[in-house]
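**Student:** This is the structure I want to talk about, given as structure tokens.
The values are calculated or read from the model by the stated rules, or taken from the named source; none is laboratory data. Predicted model only: the values in this text are computed from it and were never measured. All Cβ positions, glycine included, derive from the backbone under ideal geometry; neighbour counts span all protein chains shown. These accessible areas exclude ligands, DNA and RNA; they are computed on the full protein's heavy atoms, side chains included. Shrake-Rupley method; radii C 1.70, N 1.55, O 1.52, S 1.80 Å.
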Amino acid sequence: MSLESIPTRGRTLDYAAGVYDFCEPMLLFGREKAINKRLVGLLEIETSHRILDIGCGTGVLSKRIADELDAETGGISVGIDASGKMIEGARKKRGSDVSRFEVAAAEKLPFENEYFDSVVSTLFFHHIHLDLKERALSEAFRVLKPGGKLVISDMHTPTNLFGAILSHASRWILFQPQIGENIRGVMPGLIKAAGFLSPEYVTTYFGYITVFSTIKP
Ligand SMILES: C[S@@+](CC[C@H](N)C(=O)[O-])C[C@H]1O[C@@H](n2cnc3c(N)ncnc32)[C@H](O)[C@@H]1O
């Protein structure tokens, strides 16, 4: 039986789930493995950690995180996505005793307060409108333990001409005003407003994807 998607105003990718693993490396110009390695490094993972990947898609990063964990010490990687088809694919290809995938909306996470040691999210926030960005960040804050890390890698104000062309073209070709919000640079302010420390700018890839890292005080 196929998994139902969860209703959200976010732009879910049910229709792309079947080809996502093929297309996504192209969006990252073949540097997906290196980028995920850097993100995993930023999370400072211990084998007993519980780590949440928001908007996980087919779970490539979640699985990479799970490889650092040990179920026997309580370690678990949980990927959530509002798309049933994405989660179906993730479970089939990457589910295990340390790698769990659930259909859920980022703006209403089905987890108790302070459950996770870290929260990560890649290429997800440009899929949701400003109010949902706020709600998803406040949910990330709620489910994180104090001292826990939040790492976000997403579209942000372009830093070069290539990044600017790519970002603005995506915004208009995909009719996605949510991307316009990221281009305007809303993410750091929203992260701080949700209660996190001022986010550190870690790096920018291809002039259009910026990595932010912060902590729940
Ligand atoms: C571009 S994909 C990113 C997938 C993966 N994180 C990656 O980096 O390849 C964005 C994902 O966000 C999901 N999504 C959109 N709105 C959502 C929401 N409100 N809650 C959870 N997931 C959502 C989509 O279904 C899609 O799988």
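**Student:** Under a plain spin-label model, where a point goes 7 Å from the Cα along Cα-to-Cβ, how far apart in nm are Glu4 and His129?
**Tutor:** Between Glu4 and His129, the label points sit 2.3 nm apart.
**Student:** On to the next question. Size of the dipole of the chain about the Cα centre, Lys and Arg at +1 and Asp and Glu at -1 on the beta carbon, nothing else charged, in debye to 20? It would help to have the intermediate numbers written out before the result.
**Tutor:** Numbers: 25 positive and 26 negative charges, 98 e Å.
Approximately 460 debye in magnitude.
**Student:** If you don't mind, there's one more thing I want to ask. Remind me, relative contact order of the range 14-215 in percent, using alpha carbon pairs under 8 angstrom and six or more residues apart? It would help to have the intermediate numbers written out before the result.
**Tutor:** Details: 391 pairs, mean separation 34.8, N = 202.
Relative contact order here is 17 percent.
**Student:** Hey, another quick one. So with the 1.4 Å probe, I'd like the accessible area per residue for the chain, rounded to whole Å².
**Tutor:** Working: 9960 Å² over 217 residues.
In whole numbers, the chain has 46 Å² accessible per residue.
**Student:** With the full set of protein chains in place, find how many percent of the accessible area of the chain is carbon and sulfur; take the probe as 1.4 Å. Write down the numbers at each step before the final one.
**Tutor:** On the way: 5630 of 9960 Å².
For the chain, the apolar C and S fraction of the accessible surface comes to 57 percent.
**Student:** Mind scanning Lys192/Lys216; Lys33/Lys133; Lys92/Lys133 and naming the pairs with a C-alpha gap bigger than 18 Å?
**Tutor:** On the way: Lys192/Lys216 10 Å; Lys33/Lys133 26 Å; Lys92/Lys133 29 Å.
Checking Cα-Cα distances, Lys33/Lys133; Lys92/Lys133 exceed 18 Å.
**Student:** A further question on this structure: What is the extension gain from Cys23 to Glu46, computed as 0.36 nm multiplied by their sequence separation minus the C-alpha to C-alpha distance, in nm to one decimal?
**Tutor:** Difference between extended and current length: 5.2 nm.
**Student:** Expected output is a single nm value to one decimal: the length gained when fully extending between Ser96 and Glu114, i.e. 0.36 nm times separation in residues minus the C-alpha distance. What is it? If you can, show how the numbers build up before the last one.
**Tutor:** Details: separation 18, 0.36 × 18 = 6.48 nm, distance 2.33 nm.
Separation in residues times 0.36 nm, less the Cα-Cα distance, equals 4.1 nm.
**Student:** Asn160 versus Tyr15, label points 7 Å from Cα toward the beta carbon: distance in nm?
**Tutor:** Here the answer is 3.2 nm between the modelled labels.
**Student:** Please give the solvent-accessible surface of Thr159 in Å², to the nearest 10, using a probe radius of 1.4 Å with every protein chain present.
**Tutor:** The accessible area of Thr159 comes to roughly 90 Å².
**Student:** Further, regarding this structure: Extension gain Ala169-Ser198, at 0.36 nm per residue separation less the Cα-Cα distance, in nm? Numbers along the way, then the final one.
**Tutor:** Numbers: separation 29, 0.36 × 29 = 10.44 nm, distance 2.96 nm.
Extending this stretch completely gives an extra 7.5 nm.
**Student:** Which whole number of Å³ per residue matches the convex hull of the alpha-carbon atoms in the chain? Don't jump to the answer; show the numbers that get you there.
**Tutor:** Working: hull volume 23.8 nm³, N = 217.
So the per-residue hull volume is 110 Å³.
**Student:** Please identify which residues in the range 149-172 have an amide N closer than 19 Å to a label point set 7 Å out from the Cα of Arg184, following the Cα→Cβ vector.
**Tutor:** 154-159, 164-165, 167-172
**Student:** Could you go through the range 47-61 in sequence order and give the Karplus-derived ³J(HN,Hα) for each residue, using 6.51 cos²θ - 1.76 cosθ + 1.60 with θ = phi - 60°, rounded to whole Hz, and x for Gly and Pro?
**Tutor:** Whole-Hz 3J(HN,Hα) from phi for the range 47-61: 4, 8, 6, 10, 10, 10, 10, 8, x, 6, x, 8, x, 4, 5.
**Student:** Could I ask something else about it? In terms of modelled amide H atoms, which long-range or inter-chain residues lie less than 5 Å from the amide H of Val202?
**Tutor:** For Val202, whose amide H was placed from the backbone, the distant partners under 5 Å are Val211, Phe212, Ser213.
**Student:** Anything in the chain that counts as a DSSP H helix reaching 18 Å or more along its axis (C-alpha) with Kyte-Doolittle mean of at least 0.5? List them, would you?
**Tutor:** Values: long enough: 130-143 (20 Å, -0.16).
Once both thresholds are applied, nothing remains.
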